[in-house]
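For reference, the structure is listed below as structure tokens.
Any read-out appearing in this document is the output of simple, stated calculations on the displayed coordinates, not a laboratory observation. Treat the numbers as computed from the prediction; the structure is a model and nothing was measured. Reconstructed Cβ throughout: ideal geometry from the backbone, glycine too, with neighbour counts over all protein chains shown.
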């Protein structure tokens, strides 16, 4: 029971950190609601983490060094965010009660549906073969105080750094968070991450619903409920995003399917509405920047998904700036693709 | 050429679609969007789907893309670029919203629910969910084994790394919970991704502990010594406990459905 209570407390602290990160850049990303701040905060926090942790992985620093560095940056960002947004925060907290009271009844049904999804993911166990790698990698890095230097399956030192996994720094960032809170990686991947990610997935659906049904929160709530039902019956095969949502939520690839792609759709809706505005493009850049840290598949899937949206819009609206902005957003993916090809062709090797 | 024959977009589509009809529902939703008057929806859902159909899902281009991108094993992930859940949820919500009157709305809701249930597959079906014994979602016997091994190591006054071997579920789960315990082989060797040749060494350990085959005590003893194994775990119903004892194993304790042995020859 103590483990569960402590895990929930960690969730709350992480939620505050993500909100602070989101609030810090809300002026540039034009995120006004708490939900969009949460989404942007998730992307911004992991983008920053990626840029701190990746050089440390490649230079074989210890987990403690990475942990302290990220903690300092996080602490500074949270403090800055609170100072910069203290007035907004005060007003928002004051309005929160009224805001919740104003919500239609269907909002509470949607909340119950989200809670139901959390119960499925948190209360039930599911053994996935890939967990034996990712969670063991976190446990190993915590035990050895290293970043990606040991084989998670056996615990033996690797001869060369496995860049395919090392470049996707999500697992190492998770190890760092475990280190901050002295939390066991199994509790983090099986309780903390599922709670945060299920919440995030539904917040994204809510935001998409709000954008598809403007000025009508009721229908955004209906949209969440329907999406939940579609997901619960989306177990056609082991490859569907819905299956990943309920069984492998804490893995980077599931984040690509259930978080990054829906966020991409959300930002595409915003780009469609205001394509001359910079804010949705800044959001999109944050998405492509953080995308590769979760799984290397992002470097192909995100450009394809973004391209499939931008190309017809550029042609239909006769707007070349869409293509230009898209290409700028895709720079992180292009850099990762180049690194990936240099690695698989044997030109980049990092010996341990 | 063999590669192009083996990996076709049709095969991947059939695998991805599995036992359900969601792809068909998605196509129906796209037709709905095409027929609707909203330009925005066409730009958001219809045109991107057409672009994807002509590029990554084009049966002529896809195999080449798989080969160049080295994404053959994970090509199904491109299907995630299709917003199936979002589009279905949007069209269903739209249908409910457009129906006037309580009775009509109820009928639409029920009809949509029936269609989803018929075309979809419930998440609990064919999914090995279980009620976990511990908050870590690993068996309690695993936690006890780890605790006992550490206690015994302390008693023995050993400071070097601890290496253990046992049934697959123990080998795989143990390192999730306790990374201080090393294993002589990992998942790649268990599932055959890394081939282990010969009859001795790791191959003998795999045969005895993973495949649960009979191995001579002498060969097993050498394999245990070569891999510096300190502790061995056997299921209580294993018929080969005597072989392990003859190979230098000393029975210490029974925890749940497992028996823990210490290597006497270390």
Added length on full extension, which subtracts the Cα-Cα distance from 0.36 nm per residue, residue A:164 to residue A:351: 65.9 nm
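Rounded, prolate or oblate: pick one for the range B:49-129, where a ≥ b ≥ c are the square roots of the eigenvalues of its C-alpha gyration tensor, a/c under 1.5 means rounded, and failing that, prolate if a/b is larger than b/c, else oblate.
In terms of gyration-tensor shape, oblate.
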P(r) tail fraction, the range B:204-266 - alpha-carbon pairs more than 15 Å apart, %: 42
Percent of Cα pairs exceeding the 13 Å cut-off, where the set is the range A:209-250: 57
Pair residue A:112, residue B:168: separation of 7 Å Cα→Cβ label points (nm): 4.3
Peptide B:167-176, shielding by other chains (average Cβ, 10 Å cutoff): 5
Ellipticity estimate at 222 nm from DSSP helix runs (n ≥ 4, -39,500 (n - 2.57)) divided over chain B, nearest 500: -14000 deg cm²/dmol
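How much length, in nm to one decimal, is gained on full extension between residue A:334 and residue A:82, taken as 0.36 nm per residue of separation minus their Cα-Cα distance?
Working: separation 252, 0.36 × 252 = 90.72 nm, distance 3.49 nm.
Working it through step by step, the gained length comes to 87.2 nm.
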Other protein chain Cβ atoms within 10 Å, averaged over every residue that makes up A:305-316: 5
Tilt relative to chain B, helix B:22-35 - C-alpha long axis, 0 to 90 degrees, to 10: 30
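For the protein assembly as shown, what is the percent of antiparallel DSSP beta bridges, rounded to the nearest 5? Intermediate results must be reported in sequence, preceding the final value.
Details: 14 of 19 bridges.
Bridges in the protein assembly as shown are about 75 percent antiparallel.
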Projected label distance in nm at residue B:54 and residue B:110, using a 7 Å step from Cα toward the beta-carbon: 4.4
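Rounded to two decimals, what is Rg over Rh for the range A:214-291 when you use alpha-carbon atoms and the Kirkwood radius? Show your work: numbers first, answer last.
Working: Rg = 14.6 Å, Rh = 14.1 Å.
Expressed as Rg/Rh, it is 1.04.
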DSSP bridge orientation in chain B - percent antiparallel, rounded to nearest 5: 75
Among A:342, A:58, A:187: highest mean-square fluctuation, GNM of chain A, C-alpha pairs under 10 Å: A:342
Average projection area in nm² (convex hull over Cα atoms of the range A:115-229, one quarter of hull surface): 9.1
Range of Cα positions in the range A:179-334 per principal axis (Å), largest first: 51, 38, 33
Shape category assigned to the range A:52-166 from the gyration tensor of Cα positions, a/c cut at 1.5: oblate
Chain lengthening between residue B:257 and residue B:61 when straightened (0.36 nm per residue, less Cα-Cα): 65.3 nm
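For chain A, what does the helix formula give at 222 nm: sum of -39500 (n - 2.57) over DSSP H segments with n ≥ 4, over the residue count, nearest 500 deg cm²/dmol? Before the final figure, lay out the partial values.
Numbers: 18 runs with 259 residues, N = 352.
Dividing the helical sum by the residues of chain A leaves -24000 deg cm²/dmol.
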Point-to-point label distance, residue A:277-residue B:117, nm (Cα→Cβ direction, 7 Å offset): 4.2
Selected from A:20, A:297, A:321 as most flexible by GNM, with chain A as the system and alpha-carbon contacts under 10 Å: A:321
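Can you pull the mean other chain C-beta count within 10 Å for peptide B:248-261? Show your work: numbers first, answer last.
On the way: counts 0, 0, 0, 0, 0, 0, 0, 0, 0, 0, 0, 0, 0, 0.
If you average over the peptide's residues, the count of other-chain Cβ atoms is 0.
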Peptides B:152-159, A:59-66, B:8-15, B:218-225 ordered by average Cβ neighbours within 10 Å, highest first: B:218-225, A:59-66, B:8-15, B:152-159
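Give the whole-number value, in cubic angstrom per residue, of the convex hull volume spanned by the C-alpha atoms of the range A:99-150. Present the calculation step by step, with values, prior to reporting the outcome.
On the way: hull volume 7.2 nm³, N = 52.
For the range A:99-150, the hull spanned by Cα atoms encloses 139 Å³ per residue.
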Most fluctuating residue given options A:172, A:103, A:293, as computed from a GNM of chain A linking Cα atoms under 10 Å: A:103
Global geometry of the range B:1-154, whether rounded, prolate or oblate, following the gyration tensor of its Cα atoms and the 1.5 cut on a/c: oblate
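Once the Cβ-Cβ distance between residue A:89 and residue B:216 is put in as r, and R0 is 56 Å, what FRET efficiency do you end up with, to the nearest 0.05? Mind dumping the intermediate values first?
On the way: r = 71 Å, r/R0 = 1.28.
Step by step, r from the Cβ atoms, then E = 0.20.
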Degrees, to the nearest 10: B:84-98 long Cα axis against longest axis of chain B: 40
Principal-axis tilt of helix B:140-156 within chain B, Cα atoms, nearest 10 degrees: 30
